[in-house]
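**Q** This is the structure, below, for whatever I ask next.
The values are calculated or read from the model by the stated rules, or taken from the named source; none is laboratory data. Note that the coordinates shown come from a computational prediction; the quantities given were computed from them, not determined experimentally. Because the Cβ atoms are built from the backbone with ideal geometry, glycine has one as well, and the counts that use them run over all protein chains shown.
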Amino acid sequence: MSESPMSTRLTVSFTLDVDAATTTVSALKELIAALGKDDTFQKSTVTFKGHELRDARTLEHYGVGIHEHKTKRDESINTIQLCRPTSPIDPEVRITLRFKTDTEHRFSLTVNDKVTVAQLKREIAIEERLTVRELQGLVPFGHAEETLKDDAVVGSLELQDQVIAVTTLDRQAIAAGKRPVRAADFDVRVSIDERGNKDRKANRTFAMHVSGSQTLAEFEDAALCLHMVHLADYTLILDGVELKHDEATLDALNVRPGCTIYAVADVSICVSTANRDFDMVVSPMTRLSTVRSTLERIDPDFPWEEFAFSTGYDRLPEDWTMWDLGFMANTMMCLKRRFVSLVIFLRKGSKRTGPAYTIEADERETVESMKRRIFAKSGVAPSDQLLLGPRDELLTDDMIIGEERAKLTGHVEMIDLNDLGED
């Protein structure tokens, strides 16, 4: 029921007992929705200490359950806020950004487009537990990556279709030859991630007391003895990098005090084509390009190169792993054609003469390659072609058709330089 002009908004509070180590934010929403018999809670935004909590994270990731102050009954107080979805009259605009750190860790975040770069750094610090020194990206009208200014509004920078570079303080210190000093013995956290597989046990997290001189194999043996977890059944991931050398020490693998090692189950995926579906079970560190290579071997007659992978509208970057992409159990991928159909308009002087040619181009092609296709139909040499995009922006030869700087999806205008001056 819609609110009347005289309605009053009330704040209602209640208490829930949950296991912060295993309860995800999504599960918390479902619990609240079940108690209130109102499924709109599942679309709510959950915040803790002013920070939005992501559905896939456990409450413990955000410090919920850590005893900051206690009541007389010695119970920890944790106040979580729920915000209902925004009004359709003034909807919140959210954008998904992709990142790559200087340690090759890839991740993505969905944020409000009105946040500043400084606020985005804080989001990364909390979500990925990284100390961010600076972010770099290609801003509008820029020709090279540059450091993003802290006061810049993220939505105005058009960063959605690129990978933002993240420079961390720790990496800078290591580059200067100042490796962090570690205690001989320290605590780490192990997070068991079943990737949403209902046939396996629920996700859980536990702490382990380790030594930097321990080998990875010894660490796995200790987890089996103390916590009855066979880590060899999982892929171990730290900072987006797989830990896989059994004889390497934890210190050599960059395991440090307070870090979280993710033990991640294999991921089941399905690639759907017009002819058949391909079901696969792969390691979370498998790159999408490897999935493509496997499919090419299974069905060499299918024109795989003509298609890109997608889970909906956007094409997926093939240098990303299943872990980078956040794939859970039973993820379905479809195929999208790489070729785009472009209508070439001719412009003579200031007048458009109308559509002249239609060409098909691979979205991975450069504008220079597209000019050769136009030459084959028009007879105008590539060096005499001046191409303008849908917004009258100049298309330079080095641009990739499917990337953000060009992103050609409809029409292109061509000016024959031999005709300049004739009007």
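**Q** Can we say GLY212 is at positive phi and either buried (at least 16 other Cβ atoms within 10 Å of the Cβ) or not assigned by TED's automatic domain parsing to the domain that holds THR101 (or both)?
**A** It is false that GLY212 is at positive phi and either buried (at least 16 other Cβ atoms within 10 Å of the Cβ) or not assigned by TED's automatic domain parsing to the domain that holds THR101 (or both).
**Q** Please pick out the residue among GLU145, GLU128 that is under 30 Å from THR396 (Cβ atoms), out of contact with any Lys or Arg (no Cβ under 9 Å at 6 or more places or on another chain) and modelled with pLDDT under 85.
**A** GLU145
**Q** Okay, next question. Filter region 265-314 for residues that are aliphatic (A, V, I, L, M) and part of a helix (DSSP H, G or I); which is farthest from GLU194 (Cα to Cα)?
**A** Across region 265-314, the extreme among qualifying residues is ILE298.
**Q** If you take the residues in region 256-282 that are surrounded by 17 or more Cβ atoms within 10 Å (Cβ to Cβ) and among the small types (Gly, Ala, Ser), which one is nearest to ARG129 (Cα to Cα)?
**A** ALA263
**Q** For residues that are surrounded by 17 or more Cβ atoms within 10 Å (Cβ to Cβ) and part of a strand (DSSP E or B), tally how many sit in region 113-129.
**A** So the answer is 0.
**Q** Okay, moving on. Whether any residue in region 168-183 is at pLDDT 70 or above and surrounded by fewer than 17 Cβ atoms within 10 Å (Cβ to Cβ) is what I want to check.
**A** There is no residue in region 168-183 that is at pLDDT 70 or above and surrounded by fewer than 17 Cβ atoms within 10 Å (Cβ to Cβ).
**Q** Tell me, please, whether a residue that is in a helix (DSSP H, G or I) and either of a type in the set (Asp, Glu) or not assigned by TED's automatic domain parsing to the domain that holds ASP193 (or both) can be found in region 339-355.
**A** Looking through region 339-355, none of the residues is in a helix (DSSP H, G or I) and either of a type in the set (Asp, Glu) or not assigned by TED's automatic domain parsing to the domain that holds ASP193 (or both).
**Q** Follow-up. Any idea which of (1) modelled with pLDDT of 90 or more; (2) touching an Asp or Glu at 6+ places or on another chain (Cβ under 7 Å) is the one THR260 doesn't satisfy?
**A** Of (1) modelled with pLDDT of 90 or more; (2) touching an Asp or Glu at 6+ places or on another chain (Cβ under 7 Å), only one is false for THR260: (2).
**Q** Quick check on ASP251: is it outside the structural domain of ALA56 (by TED's automatic domain parsing) and assigned to a loop (DSSP other than H, G, I, E, B)?
**A** yes
**Q** Got a sec? Which of PHE327, PHE302, PHE309 is modelled with pLDDT of 85 or more, in contact with a Lys or Arg (Cβ under 8 Å, 6 or more places away or on another chain) and farther than 18 Å from THR235 by Cα?
**A** Being modelled with pLDDT of 85 or more, in contact with a Lys or Arg (Cβ under 8 Å, 6 or more places away or on another chain) and farther than 18 Å from THR235 by Cα holds for just one of PHE327, PHE302, PHE309, which is PHE309.
**Q** Let me ask something else about it. Looking only at residues in region 390-410 that are at pLDDT 75 or above and under 18 Å from ARG347 (Cβ atoms), which one is surrounded by the most Cβ atoms within 10 Å (Cβ to Cβ)?
**A** Result: LEU395.
**Q** Also, I was wondering about something else. Is it fair to say SER87 is modelled with pLDDT of 80 or more and either assigned to a loop (DSSP other than H, G, I, E, B) or in contact with a Ser or Thr (Cβ under 7 Å, 6 or more places away or on another chain) (or both)?
**A** no
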